[in-house]
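Written below as structure tokens is the structure these notes are about.
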Amino acid sequence: MIRFLLTMSLCFLPALVAAKGTVSSADPRATDAGMEILRAGGSATDASMAMMLVLTVVEPQSSGIGGGGFLVHHDAKTKMVATVDGRETAPASATPTLFLNPDGTPMRFREAVPGGRSVGVPGNIALMAKAHKKWGKLKWAKLFDPAIRVAENGYEVTPRLAGVIKTMSAVWGDFPETRAIYWQDGRPKAAGETIRNPALAKLLRDVAKRGPKAFYSGQNAQAIVDAAGQSKRNPTVITKADIAKYQAKDRAAVCTTYRVYKLCGMGPPSSGATTVFQILGMVERFDMKALGKDDPRSWHLIAEAMQLAYADREKYLGDADFVSVPVAGLLDKAYIASRSAIISETKALGAYAAGNPPGAPQRISAVSGEVSGTTHFVAVDGAGSIATYTSTVEGPFGSQLVANGYILNNELTDFTWVPEKQGALVANRVQPGKRPLSSMSPTIVYNDKGEPIFTVGAAGGKTIIMQVAKTLIAHLDWGLPVDQAVAAPNIYFGGDGLLLEANTPLAAMAGPLAGFGRTVVQWNGSGKLNAAAKVGDKWVGAADPRSEGTAATE
Ligand code: GLY
């Protein structure tokens with residue numbers, strides 16, 4: 001009898017084993033690391049930190065500890081949503097003319113990026129320390145194990161990384177330390193070859209042992225100062241004091257409602273949540289569900305809302321610690337209704353000026369440059385806490401500079417380079433100690449019972465906002481499962497007109513979309529989203545099929 005009962009209980013054991021959780025990232029090695037940490041009893045925050053560190057090693061072109069990021073967190077116990085801002089910060093030497101030529105004209109983008117001038121004080125390790133203190137379960141040092149292992153033992157170059165190494169190698173004559181890591185036998189490493197990064201492994205061991213001070217002071221701080229100051233291209237002054245005083249910041253989440261849902265995301269210095277939520281707010285009065293994904297009218301409405309929201313972004317958004325940013329006004333339902341009312345269901349507006357939200361300060365529109373880099377990753381633990389984290393070094397391989405084996409960001413080029421126009425100050429102008437405006441949009445969606453049901457974020461410069469908005473509409477309105485919502489076509493706009501992702505059902509709607517009275521262009525810009533959704537009582541992850549990403553659930 002006892003044996004029978006034992007056998008029966010063993011039969012039912014799998015049902016009693018608590019779920020470990022769900023992870024999704026842009027690289028299988030990072031996804032594995034996140035799952036390893038969840039298996040070891042780590043929280044969603046722990047898993048996301050381990051992923052951030054592994055991505056530093058294996059996806060150095062996109063993100064890392066030499067850059068910054070934003071974390072949005074849902075606490076299953078308290079039901080609270082919180083955000084942590086680990087955005088890079090301009091050093092004290094950075095003035096509003098940082099990216100201007102002596103004659104006052106803006107520098108050429110590709111001349112400003114490489115070297116010290118574009119480097120902001122990195123924020124990811126400080127973000128990690130703050131988040132770990134609040135929501136970590138495992139010991140700090142344990143979170144570093146997978147990244148140290150990968151950096152020490154080596155990792156295989158993916159086709160995507162090989163492609164970026166090859167492209168960026170054109171400037172690496174001036175960046176010998178970078179070339180030393182990513183070249184072999186006098187040529188760029190190819191897909192399938194192995195990279196070891198012992199300098200990075202050594203630093204990670206030190207930060208694992210001694211905590212964030214091992215990053216923000218001493219030898220590592222000096223390495224950042226030297227890399228930026230002695231750079232052959234654009235040498236600049238970042239001091240040890242700039243680095244020592246870096247702080248990750250707790251920020252109130254920016255939240256809104258969309259139909260029956262509540263959505264929360266990252267406020268300034270990110271434009272992410274504000275702009276994504278404006279887009280959703282403007283399409284809310286239309287029956288997007290009835291129109292569906294295959295009707296060009298859906299995409300027309302999204303396109304119009306997108307361009308109106310981005311116009312507000314370029315005029316009003318910046319680091320709210322330095323300039324007044326009317327986030328509440330921009331998300332005010334009456335204001336959004338007035339913006340939506342401009343949209344015609346039959347005709348493209350053609351011109352998209354910023355509006356005048358309640359509480360708006362005197363500002364002038366000025367477009368900032370931003371290139372496609374960045375990475376997003378998601379962890380949901382067995383208890384249901386969520387860490388959704390976008391991390392970046394800005395453009396491919398950031399500033400191209402290396403300190404202790406990691407890439408230093410070029411985040412300062414996310415500032416708007418022209419500080420004032422027609423006598424009005426630009427919100428996102430460079431100022432010492434300020435954080436450049438971001439498009440990163442880590443987002444959590446709650447259902448009408450207040451339970452989290454979806455989380456998403458993306459990489460890709462300013463297109464991040466649109467990739468996230470599209471995925472939310474695809475999931476919440478069109479009812480697509482998370483993987484199909486992520487894979488749904490991307491839409492954006494540029495100098496040439498409305499950009500439709502090539503070789504997709506959206507691209508096939510080019511004729512009808514042009515019929516609204518606009519220019520449409522086939523677009524090869526690739527997306528890189530990572531997301532997770534609650535299906536029944538379980539979470540499932542999804543990674544963008546356009547990327548090398550993976551998701552896992554146990
Ligand atoms: N540099 C990418 C972003 O902050 O949006």
**Item:** Subset tally (residues that are buried (at least 20 other Cβ atoms within 10 Å of the Cβ) and under 23 Å from Leu301 (Cβ atoms)) for region 445-481
**Value:** 21
**Fill in**
Per the filter on region 436-483, residues hydrophobic (A, V, I, L, M, F, W, C), within 16 Å of the ligand (Cβ to nearest atom) and over 24 Å from Thr416 (Cβ atoms) are Val456
**Request:** Can you tell me which residue within region 389-401, out of those that are touching a strand residue (DSSP E or B) at 6+ places or on another chain (Cβ under 7 Å) and part of a loop (DSSP other than H, G, I, E, B), is farthest from the ligand (Cβ to nearest atom)?
**Result:** Phe397
**Item:** Cβ pairs under 9 Å, 6+ apart, first in region 107-118 and in contact (Cβ under 8 Å) with a residue 24 or more places away in the chain, second open to solvent by 60 Å² or more (accessible area, probe 1.4 Å) and outside any loop (DSSP other than H, G, I, E, B)
**Value:** Met107/Arg117; Ala112/Pro106
**Fill in**
Per the filter on region 126-163, residues open to solvent by less than 30 Å² (accessible area, probe 1.4 Å), assigned to a helix (DSSP H, G or I) and out of contact with any strand residue (DSSP E or B) (no Cβ under 8 Å at 6 or more places or on another chain) are Ala129, Leu143, Phe144, Pro146, Ala147, Ile148, Val150, Ala151, Leu161
**Any pair with Cβ under 8 angstrom, 6 or more apart, that starts in region 171-198 at a residue that is in contact (Cβ under 8 Å) with a residue 12 or more places away in the chain and ends at one that is open to solvent by 40 Å² or more (accessible area, probe 1.4 Å) and hydrophobic (A, V, I, L, M, F, W, C)** = Trp172/Trp183; Lys189/Trp183
**Item:** Spans of helices (runs of 4 or more DSSP H) in region 278-341 with at least 1 residues closer than 24 Å to Pro481 by Cβ, open to solvent by 50 Å² or more (accessible area, probe 1.4 Å) and at pLDDT 95 or above
**Value:** 288-291, 296-316
**Prompt:** Just wondering, is there one or more residues in region 88-103 that are assigned to a strand (DSSP E or B), among the hydroxyl-bearing types (Ser, Thr, Tyr) and surrounded by 24 or more Cβ atoms within 10 Å (Cβ to Cβ)?
**Reply:** yes
**Among the candidates Ala244, Ala252, residue that is closer than 20 Å to Met128 by Cα and in contact with a helix residue (DSSP H, G or I) (Cβ under 8 Å, 6 or more places away or on another chain)** = Ala244
**Request:** Filter region 66-87 for residues that are surrounded by fewer than 24 Cβ atoms within 10 Å (Cβ to Cβ) and within 14 Å of the ligand (Cβ to nearest atom) and give the result.
**Result:** none
**Prompt:** In this structure, is Tyr352 in contact with a helix residue (DSSP H, G or I) (Cβ under 7 Å, 6 or more places away or on another chain) and open to solvent by less than 50 Å² (accessible area, probe 1.4 Å)?
**Reply:** no
**Request:** Search region 280-294 for residues that are touching a residue at least 60 places away in the same chain (Cβ under 8 Å) and more than 15 Å from Leu330 (Cα to Cα) and pair each with any residue that is surrounded by 13 or more Cβ atoms within 10 Å (Cβ to Cβ) and aromatic (Phe, Trp, Tyr) when their beta-carbon atoms are under 8 Å apart and the residues are at least 6 apart or on different chains.
**Result:** Met288/Trp478; Lys289/Trp478; Gly292/Trp478; Lys293/Trp478
**Matching helices (runs of 4 or more DSSP H) fully within region 208-276 where at least 2 residues are of a type outside the set (A, V, I, L, M) and open to solvent by 50 Å² or more (accessible area, probe 1.4 Å)** = 218-229
**Request:** Being within 16 Å of the ligand (Cβ to nearest atom) and under 24 Å from Phe215 (Cα atoms) is the filter here, so list the residues in region 402-425 that pass it.
**Result:** Ile407, Leu408, Asn409, Asn410, Glu411, Leu412, Thr413, Asp414
**Prompt:** Do we find a residue being within 16 Å of the ligand (Cβ to nearest atom) and in contact with a Leu (Cβ under 7 Å, 6 or more places away or on another chain) anywhere in region 350-365?
**Reply:** no
**Request:** Mind telling me which of the residues Ala244, Ala290 ends up being of a type in the set (Gly, Ala, Ser) and over 28 Å from Val121 (Cβ atoms)?
**Result:** Ala290
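Listed here are the residues, each with its yes/no results for (1) buried (at least 20 other Cβ atoms within 10 Å of the Cβ); (2) under 20 Å from Thr443 (Cα atoms); (3) touching a Pro at 6+ places or on another chain (Cβ under 7 Å).
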{"position": "Gly495", "(1), (2), (3)": "no, no, no"}
{"position": "Glu501", "(1), (2), (3)": "yes, no, yes"}
{"position": "Thr519", "(1), (2), (3)": "no, no, no"}
{"position": "Gln522", "(1), (2), (3)": "no, no, no"}
{"position": "Gly527", "(1), (2), (3)": "yes, yes, no"}
{"position": "Ala542", "(1), (2), (3)": "yes, yes, no"}
{"position": "Gly549", "(1), (2), (3)": "yes, yes, no"}
**Request:** Among residues belonging to region 371-388 that are surrounded by 23 or more Cβ atoms within 10 Å (Cβ to Cβ) and within 16 Å of the ligand (Cβ to nearest atom), point out the one that is farthest from Pro176 (Cα to Cα).
**Result:** Thr388
**Prompt:** Looking at (1) over 21 Å from Ser270 (Cα atoms); (2) surrounded by fewer than 19 Cβ atoms within 10 Å (Cβ to Cβ); (3) in contact (Cβ under 8 Å) with a residue 40 or more places away in the chain, can you tell me which one Gln362 breaks?
**Reply:** (1)
**Prompt:** Could you say whether any residue in region 130-141 is modelled with pLDDT under 95 and away from the ligand (no atom under 16 Å from the Cβ)?
**Reply:** no
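The values are calculated or read from the model by the stated rules, or taken from the named source; none is laboratory data. Just so you know, these numbers come straight off a predicted model, no measurement behind them. Reconstructed Cβ throughout: ideal geometry from the backbone, glycine too, with neighbour counts over all protein chains shown. Heads up: the accessible areas ignore ligands, DNA and RNA and are worked out on the full protein's heavy atoms, side chains in. Shrake-Rupley method; radii C 1.70, N 1.55, O 1.52, S 1.80 Å.
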